[in-house]
Amino acid sequence: MHYFKKNIGDYAKKTGRLSMLQHGAYTLLIDSCYDRERFPTLDDAIEWTWASSKEEIEAVEFILRRFFVLEDGVYVQSRIREEIAEYHAKATTNKRIAEEREAKRKSKDTTGTRTVHDSLPSVNEAPPNHKPINQEPSITVSKDTVCPPTGEPEEKPKLKLPGCDHKGILALYHETLPNLPQVEIWNDTRAGYLRQRWREVALDLSKDGAVTHADMLAWWKKFFEHIGSSKFLTGKKQQKDKPSFLADLEWVIKPTNFAKIIEGKYHRE
């Protein structure tokens with residue numbers, strides 16, 4: 001469904017207090033729902049809106065809480081659902097009417113005469129009083145034939161990235177780094193950080209091909225093991241006049257700290 005009516009007055013009445021960032025998140029979400037004709041999970045919503053920063057993700061989460069209803073892990077809006085259903089109902093009715101009209105027209109034509117609505121015959125007839133025109137031989141392309149490039153770049157299929165496995169990452173963190181502070185509360189801010197880092201890693205791994213959920217968990221396990229090998233991050237490095245530093249999961253998945261860990265800046269003991 002690539003078209004829908006937008007009542008500007010109705011929209012302004014319901015969204016008058018939204019920030020510009022929230023307006024953008026809402027517009028992208030409703031456009032995506034109509035275009036895809038389905039509703040998103042939280043991870044879908046973040047992907048559909050291309051939200052990447054903490055502020056953008058928070059705007060998407062706010063819109064979902066404020067204007068959508070969570071049903072079995074999917075955020076649904078009744079008005080969009082009703083309009084999509086009405087669109088399909090009209091399309092079905094229009095198709096039926098067209099088929100009935102065509103059948104009625106054909107039933108009236110009993111002479112066998114071709115009308116302007118009928119397709120031309122498949123046999124190429126030579127025009128009267130003219131010699132046959134030489135035609136290029138037809139070419140049959142088998143399934144093994146390799147066609148030459150047309151000059152237009154072939155569109156690459158969009159890779160499907162696995163959704164962020166919050167529970168799986170928390171379990172790996174606790175299992176691999178039992179001496180670091182355990183996670184007791186998993187709020188929206190921490191979840192947003194993890195989704196961002198998960199997506200960054202998935203996009204990087206996808207350069208070599210499709211990425212699976214197992215690939216992602218294997219990468220994060222190595223990442224946590226890398227953290228465990230740092231004396232500084234695990235509180236084993238003594239500092240003068242200061243208590244030993246001890247990293248926790250939220251600190252680890254913040255953008256700047258995440259990059260420094262990967263670059264080995266805390267492994268120079």
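Diffusion of segment 226-269 by Stokes-Einstein, at 10 °C in a medium of 1.306 mPa s and with Rh set to the Kirkwood radius over alpha-carbon pairs, works out to 148 µm²/s. Cross-link reach is defined here as a Cα-Cα straight distance under 18 Å, omitting same-chain residues fewer than 8 places apart; for K14 the lysines meeting it are K5, K6.
What is the sum of charges around R81, taking Lys and Arg as +1, Asp and Glu as -1, for the other residues whose C-beta is under 12 Å from the C-beta of R81?
-3
Distance from the C-alpha centroid of segment 176-238 to that of segment 51-108: 37 Å, rounded to the whole angstrom. Shown for segment 1-106 is the translational diffusion coefficient from the Stokes-Einstein equation, using the Kirkwood radius over Cα pairs, a temperature of 10 °C and a viscosity of 1.306 mPa s: 103 µm²/s. For chymotrypsin sites (Phe, Trp or Tyr not before Pro), the sites in segment 27-98 that DSSP calls loop and that have at most 16 other Cβ atoms within 10 Å are W50.
If you count, for each residue, the other Cβ atoms within 10 Å and average over each peptide, how do 244-250, 254-260, 23-29, 183-189 line up from highest to lowest?
Packing order, densest peptide first, comes out as 23-29, 244-250, 254-260, 183-189.
So what is log10(I(q)/I(0)) for segment 6-68 at q = 0.15 1/Å, when the Debye sum runs over its Cα atoms only? With no solvent term, the Cα-only Debye profile gives -0.42.
May I ask you to sort S78, S230 by Cβ crowding, counting other Cβ atoms within 10 Å and putting the fewest first?
On the way: S78 9, S230 19.
In order of increasing Cβ crowding within 10 Å: S78, S230.
No value in this document is a laboratory result; all are computed from the given coordinates. Because the structure is a prediction, the values reported are computed rather than measured. Because the Cβ atoms are built from the backbone with ideal geometry, glycine has one as well, and the counts that use them run over all protein chains shown.
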